[in-house]
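Beneath this line is the structure, given in structure tokens, with notes to follow.
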């Protein structure tokens, strides 16, 4: 089984994740993944892009948004906040 660490690295970028014992699956931070895919380091821009994309996907009836969840993930300030997460597909 894969390590149960809270941070996963992808090309030297951090992706926060949380292990769901009951479902036996990982949940990954949507914002961290978007930040890597868009090569955008500005958190506000990433958050605004996800907000826009999530609304657009909901309007189109995409199942991607319904597969997301919210979990408390540790932020840069060390505190835990609710964040959108998704399982790997």
Of the residues in region 73-88, those that are at negative phi and free of Cβ contacts under 8 Å to residues at least 12 places away in the same chain number 6
Wholly inside region 15-89, helices (runs of 4 or more DSSP H) that include 3 or more residues that are loosely packed, with under 15 Cβ neighbours inside 10 Å are 43-60, 63-66
Practice task
Would you confirm whether any residue within region 61-83 is touching a helix residue (DSSP H, G or I) at 6+ places or on another chain (Cβ under 8 Å) and either closer than 17 Å to residue 13 by Cβ or modelled with pLDDT of 95 or more (or both)?
Solution key: yes
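The values are calculated or read from the model by the stated rules, or taken from the named source; none is laboratory data. Quantities reported herein were computed from a predicted structural model and do not represent experimental measurements. Glycine gets a Cβ as well: all are built from the backbone with ideal geometry, and neighbour counts include every protein chain shown.
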